[in-house]
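Notes for the one structure printed next.
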Amino acid sequence: MHQDIRQQADICSHGQDLAFSAPGWSEGALRGGTSHHAVAPATPGKFKLSGIEAARGIAAATVVFYHAARHLGQNYGPSVLLRLFQFGHAGVDLFFVISGFIILYVHFDDIGRPDRFGRYLARRLTRIYPTYWVALVLTVAMSFLGGLHGAPPWDRVVASVLLAPSSQAPLLGVAWTLQYEVFFYALFGILILHRRLGFAILLIWIGGIVGSQFGQSAMGAIPNAIYNAFNFEFLLGMATAYLLRRHRIPAPRLVLGLGIALFVTAAAFENAGLFNGYTDVSRLLYGLPAAMIVGGSAELDRLGLLNVPPALLVLGKASYSIYLFQFVFIGIVWKAWLLAGLDTKLPHLASFPLLATAGVAGGVIMSRLVEYPLINLIRTVKRVRANA
């Protein structure tokens with residue numbers, strides 16, 4: 001599993017629109033009854049979770065920096081850059097917490113409402129697969145152009161296309177996190193179809209995750225995406241969403257600040273070699289602060305007290321494309337660097353700003369040229385068909 005983690009990819013809620021209506025939150029979907037504990041909104045109308053959007057953008061950027069540093073490390077050996085951005089893989093931990101939060105926060109009232117499953121499924125499929133398939137095709141094409149010979153096994157191809165949990169690494173390396181996401185979405189879909197059955201399966205799943213920590217060898221050939229400790233972070237996100245629906249988070253600035261401080265401290269400790277950030281316990285060391293960041297920022301947004309720089313919102317909106325297409329653009333710039341002979345004329349570290357910028361900026365471009373136009377096209381076709 002440590003090798004999989006080093007291949008990093010998440011996005012956690014994957015660019016979902018983070019605007020929500022602000023009327024009181026109903027917990028009836030969980031209880032099967034009418035809410036008597038609705039939380040009054042801080043402001044009327046709609047509010048946007050800009051803090052989470054920004055966190056998503058920062059997480060995507062840190063993963064790109066991590067990969068750019070690893071790319072140079074693989075070509076020239078370990079460097080100060082790799083030590084500086086070693087923690088960057090923890091962007092995935094933040095992604096998973098955000099994903100768990102968003103799914104429950106958005107679809108809280110859909111639980112036990114099978115008539116809403118179709119819309120849930122359509123939105124998840126539309127949001128995840130089309131852009132991913134474009135990235136997959138580009139990555140495979142570049143691999144063959146780069147000298148890769150021979151077709152991969154058909155079962156690996158099928159698992160990669162469908163993002164099904166598999167014991168084999170996906171063809172697009174960073175897509176391993178999407179396998180976790182898709183499995184989580186499937187479990188939540190059961191909650192929508194049948195509340196009691198969904199909760200029973202959820203408890204079994206949690207038991208399997210906990211049990212695997214004491215006897216991982218007993219899991220046999222079951223793919224990591226089903227029982228790995230990363231899944232705790234979906235649960236942390238869901239717990240944060242449930243807390244926010246039932247209560248107000250006290251001192252949200254303090255919660256957000258403490259979450260950031262703890263996350264940065266964990267990152268500094270990992271960079272200093274004081275703990276291994278790829279172990280299961282690290283999912284808590286990063287996941288708990290991430291939940292505090294998500295909860296604190298969401299409460300501040302609900303209160304209308306959070307101002308986020310526009311640049312971070314741009315990164316957040318493009319985070320899914322940044323995540324998926326990072327290696328495409330890192331690879332293009334790297335080839336250009338070599339063809340220009342700059343690797344023999346300049347210090348190796350001089351290429352890092354170009355590689356990192358290309359990974360981030362390329363993703364922003366692809367989000368505007370591919371991701372959102374493709375989603376809008378699919379949704380427009382669906383509306384036209386529905387009205388025909």
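Any read-out appearing in this document is the output of simple, stated calculations on the displayed coordinates, not a laboratory observation. Every value quoted in this text rests on a predicted model; they were computed, and no experiment measured them. All Cβ positions, even for glycine, are placed from backbone atoms using ideal geometry, and neighbour counts span all protein chains on display.
Suppose a student asked you for the relative contact order of the chain, using Cα pairs under 8 Å spaced at least 6 residues apart; what percent would you report?
For the chain, the relative contact order is 28 percent.
Could you put Leu138, Leu258 in order, starting from the residue whose Cβ has the fewest other Cβ atoms within 10 Å?
Leu258, Leu138
Over the Cα atoms of the stretch 339-388, what radius of gyration and what Dmax do you get, in Å?
For the stretch 339-388, the Cα-based Rg and Dmax read 19.7, 63 Å.
Using a simple spin-label model with points 7 Å from Cα along the Cα→Cβ vector, what separation in nm is obtained for Val158 and Ala272?
Spacing of the two 7 Å Cα→Cβ label points: 5.0 nm.
Order by neighbour count: Lys317, Lys345, fewest other Cβ atoms within 10 Å first, most last.
The most exposed by this proxy come first: Lys345, Lys317.
Compute the distance from the alpha-carbon center of the stretch 346-388 to that of the stretch 258-320, in whole Å.
24 Å
For the chain, what does -39500 (n - 2.57) per DSSP helix run (n ≥ 4), summed and divided by total residues, give at 222 nm, in deg cm²/dmol to the nearest 500?
That comes out to -21500 deg cm²/dmol.
Which of Ala200, Val80, Ser143 sits farthest toward the positive end of the charge dipole of the chain, with +1 on the Cβ of Lys and Arg and -1 on the Cβ of Asp and Glu?
About the Cα centre, the residue reaching furthest to the positive side is Ala200.
Full-extension gain between Ala361 and Leu125, please, as 0.36 nm times their residue separation minus the C-alpha to C-alpha distance.
82.4 nm
Give the Cα extents of the stretch 2-387 along the principal axes, in whole Å, largest first.
Here the spans come out as 69, 49, 46 Å, largest first.
Mean Kyte-Doolittle of at least -0.5 plus a Cα span of 18 Å or more along the axis: flag which DSSP H helices in the chain meet both, please.
Helix filter hits for the chain: 50-76, 91-107, 117-145, 176-193, 195-212, 231-246, 252-271, 282-302, 319-339, 352-366, 372-387.
Work out how much length Asp343 to Ala386 would gain on full extension: take 0.36 nm times their residue separation and subtract the Cα-Cα distance, in nm to one decimal.
Here the segment from Asp343 to Ala386 would lengthen by 9.9 nm.
What three numbers, in Å, describe the spread of the alpha carbons of the stretch 239-362 along their principal axes, ordered from the longest?
59, 35, 20
What is the fewest-to-most order of Ser351, Ser166 by other Cβ atoms lying within 10 Å of their Cβ?
Fewest-to-most Cβ neighbours within 10 Å comes out as Ser166, Ser351.
For the stretch 239-300, take N as its residue count and report Rg(C-alpha) divided by 2.2 N^0.38 Å.
Relative to the rule-of-thumb radius for its length, the stretch 239-300 sits at 1.22.
Peptides 280-287, 65-72: what's the order by average Cβ count within 10 Å, highest mean first?
Answer by packing, highest mean first, reads 65-72, 280-287.
Pairs of lysine in the stretch 2-387 with Cα under 25 Å and at least 8 positions apart or on different chains: total?
The number of close lysine pairs in the stretch 2-387 is 4.
For Ile378 and Ile201, calculate 0.36 nm times their separation in residues minus their Cα-Cα distance, and state this gained length in nm to one decimal.
Working: separation 177, 0.36 × 177 = 63.72 nm, distance 3.21 nm.
So the extension gain works out to 60.5 nm.
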